[in-house]
Amino acid sequence: MSRIIPDLVVTPQELPVQVDVVVIGGGIVGVSTALSLVERGVSVALCEKGLIGAEQSARNWGWVRQMGRDPAELPLAIESLRIWRGMNERIGGETGFRQAGIAYLCDTEADVAVYEEWLKHVAPFGLDSRIARGEELRTLMPGMAKPFRAALHTPSDGKAEPFIAVPAMARGAAVKGAHILTNCAVRSIERSAGRVSGCVTERGEIRCSSVVLAGGAWSRLFAGNMGIDLPVLKILGSVARVSSVDGVPDFAVGAGNFAFRRRLDGGFTVAQRNANIAPITPDSFRLFRDYTPTLIKSWKELTLRIGGQFVRELTMARSWKSDEVTPFEQVRILDPDPSPRFVHGGINHLREAFPVFRDAKITQMWGGLMDVTPDAIPVIAPVGSVPGFHIATGFSGHGFGIGPGAGALMADLVTGSAPRVDPAPFRMERFKRLREAA
């Protein structure tokens, strides 16, 4: 019931001898990077160890939001929304993007105060976010039975369909000339005179002058083999699909303990908001000091769990040579079990607030592993110690919405173009352990 199978991307699989850029990872950030590069006339090969968009890019909620973003991340979210609006036409395919809006419901006046403070901070950006109360709130939220205090509503926010969006974008990139290679893990990066000169894949070598690592939850492991101590941990989210109901908002809605989004197929994607599992792994101890402030701040939203993942990662190789089989070839797709407790908890909370969902049936449940940095802001930056090497990872559950902008920004950085947004918030050296690498 938890198996995720995205749309298959069928493209020629012949390994190119040489390209300008190799992108490692076929999630939304890697695919967006490849798409942006090939549109600029840059030859690019995207290497994905499994299937395109099969991990967190297919397992998220499908929200495309500006609302509630950290001010440091907001310009990228605004740029991404602009890109999303033209994506279907750009790639000649369906991503499911609809600019339907998003709303956050507030249980208490303290919740309202938090959003009012956020509105003050982001006022210079000119968003259409506003607080709705009273009759306006009841009109905005048909079917609502619980007496929420207010809602923060952003009509210009949107949604897209994770199962189909990234594969559609990859097909669009392939039509434009990108090499999209699946079941093709990159083992190592080759260097000449200190800078990138190629990649060794499980099928052979591709010569190139630049590499972008967009490996999501795998990025820390790959970077570690290069001697780069990337501070990224994995967080497990649990999601469900339920059958269609009528009489509720068509836009995405989040409350303190549930979230829902109407899907392109008519059903709903549902989750328990602010309820994730932090698997305890060997990296949890290696990075303990980096994450302590976040753990203190967000302890109510996280459940620590030790289980089989600890043993799997403890016994997993952390270094290898280019002629050795890597962990990326041993586990093609991360498909973790969801938490039934969190899934059913979210649905029960939703049914209390919107009784019409009492008739909805669960048709699917799944889990996904998010790559999370200590400050929940991604790394989108060059690696100074390895000229030609770039990293785009650590999107902390925000990657689907801001993926198109992140890919375009990375393409700017790789080609030396003027960056479309300030890249400073995403620099590597903000983390102490990465200052030497950057």
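The values are calculated or read from the model by the stated rules, or taken from the named source; none is laboratory data. The structure presented is a predicted model; accordingly, all values stated were derived computationally and were not measured. Cβ coordinates were reconstructed from backbone atoms using ideal geometry, including for glycine residues, and neighbour counts include every protein chain displayed. All accessible areas refer to the heavy atoms of the entire protein, side chains included, with ligands and DNA or RNA removed. Shrake-Rupley method; radii C 1.70, N 1.55, O 1.52, S 1.80 Å.
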Within segment 1-48, the residues that are in contact with a helix residue (DSSP H, G or I) (Cβ under 9 Å, 6 or more places away or on another chain), of a type in the set (Val, Ile, Thr) and open to solvent by 60 Å² or more (accessible area, probe 1.4 Å) are 5, 10
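Does any residue of segment 348-367 turn out to be under 11 Å from the mean Cα position of the chain (by Cα) and within 24 Å of residue 234 (Cα to Cα)? Give the derivation first.
Within segment 348-367, the first condition is being under 11 Å from the mean Cα position of the chain (by Cα), and the residues that meet it are none.
No, the conditions are met nowhere in segment 348-367.
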For segment 281-290, check the following and say yes or no: at least one residue is of a type outside the set (Asp, Glu), open to solvent by less than 20 Å² (accessible area, probe 1.4 Å) and either assigned to a loop (DSSP other than H, G, I, E, B) or within 19 Å of residue 340 (Cα to Cα) (or both).
yes
If you check residue 265 against the conditions, is it open to solvent by 10 Å² or more (accessible area, probe 1.4 Å), in contact with a strand residue (DSSP E or B) (Cβ under 9 Å, 6 or more places away or on another chain) and farther than 20 Å from residue 26 by Cα? yes
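Filter segment 400-438 down to residues that are open to solvent by 10 Å² or more (accessible area, probe 1.4 Å) and in a helix (DSSP H, G or I), then give me how many there are. I'd like the intermediate steps shown before the answer.
Keep residues of segment 400-438 that are open to solvent by 10 Å² or more (accessible area, probe 1.4 Å), which gives 400, 413-425, 427, 429-433, 435-438.
Next, from what is left, pick out any that are in a helix (DSSP H, G or I): 400, 413-415, 424-425, 429-430, 432-433.
Matching residues across segment 400-438 total 10.
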Quick count over segment 138-154, residues being in contact with an Asp or Glu (Cβ under 7 Å, 6 or more places away or on another chain), in contact (Cβ under 8 Å) with a residue 60 or more places away in the chain and in a loop (DSSP other than H, G, I, E, B), is 2
Those residues of segment 291-334 which are touching a residue at least 24 places away in the same chain (Cβ under 8 Å), of a type in the set (D, E, K, R) and surrounded by 11 or more Cβ atoms within 10 Å (Cβ to Cβ) amount to 301, 305, 313, 318, 324, 329, 332
In segment 92-122, anything surrounded by fewer than 18 Cβ atoms within 10 Å (Cβ to Cβ), of a type in the set (Gly, Ala, Ser), touching a residue at least 60 places away in the same chain (Cβ under 8 Å) and farther than 20 Å from residue 74 by Cα is listed as 92
Given the conditions (1) touching a residue at least 24 places away in the same chain (Cβ under 8 Å); (2) open to solvent by 10 Å² or more (accessible area, probe 1.4 Å); (3) assigned to a helix (DSSP H, G or I); (4) in contact with a helix residue (DSSP H, G or I) (Cβ under 7 Å, 6 or more places away or on another chain), every one holds for residue 358 apart from (1)
Residue 301 passes all but one of the listed conditions (1) in contact with a Gly (Cβ under 8 Å, 6 or more places away or on another chain); (2) under 27 Å from residue 346 (Cβ atoms); the exception is number (1)
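Suppose we keep only residues that are in a loop (DSSP other than H, G, I, E, B) and at negative phi within segment 159-183. Which one would you say is surrounded by the fewest Cβ atoms within 10 Å (Cβ to Cβ)?
Filtering segment 159-183 for residues in a loop (DSSP other than H, G, I, E, B) gives 160-161, 176-178, 182-183.
Now restrict to residues that are at negative phi: 160-161, 176, 178, 182.
Details: 160: 28, 161: 21, 176: 17, 178: 27, 182: 20.
Residue satisfying both the conditions and the ranking: 176.
Take the residues of segment 184-203 that are in a strand (DSSP E or B) and over 30 Å from residue 368 (Cα atoms): which is most open to solvent (accessible area, probe 1.4 Å)? Steps first, please.
First, the residues of segment 184-203 that are in a strand (DSSP E or B): 186-192, 195-201.
Now narrow it down to the ones that are over 30 Å from residue 368 (Cα atoms): 190-192, 195-198.
Details: 190: 63, 191: 116, 192: 64, 195: 96, 196: 6, 197: 31, 198: 0 Å².
Filtering segment 184-203 for residues that are in a strand (DSSP E or B) and over 30 Å from residue 368 (Cα atoms), the one most open to solvent (accessible area, probe 1.4 Å) comes out as 191.
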**Prompt:** Do we find a residue being among the polar types (S, T, N, Q) and either open to solvent by less than 10 Å² (accessible area, probe 1.4 Å) or under 24 Å from the mean Cα position of the chain (by Cα) (or both) anywhere in segment 239-255?
**Reply:** no
Pairs returned, first residue in segment 204-226 that is surrounded by 20 or more Cβ atoms within 10 Å (Cβ to Cβ), second residue that is small (Gly, Ala, Ser) and assigned to a helix (DSSP H, G or I), beta-carbon separation under 6 angstrom, 6 or more apart or interchain, are 213/219; 214/30
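I'm trying to understand the selection: among the residues of segment 375-389, which are within 17 Å of residue 24 (Cα to Cα), surrounded by fewer than 24 Cβ atoms within 10 Å (Cβ to Cβ) and not aromatic (Phe, Trp, Tyr)? Working first, answer last.
Of segment 375-389, the ones within 17 Å of residue 24 (Cα to Cα) are 378-383, 386-389.
Next cut, surrounded by fewer than 24 Cβ atoms within 10 Å (Cβ to Cβ) only: 381-383, 386-389.
Residues satisfying the conditions are 381, 382, 383, 386, 387, 388.
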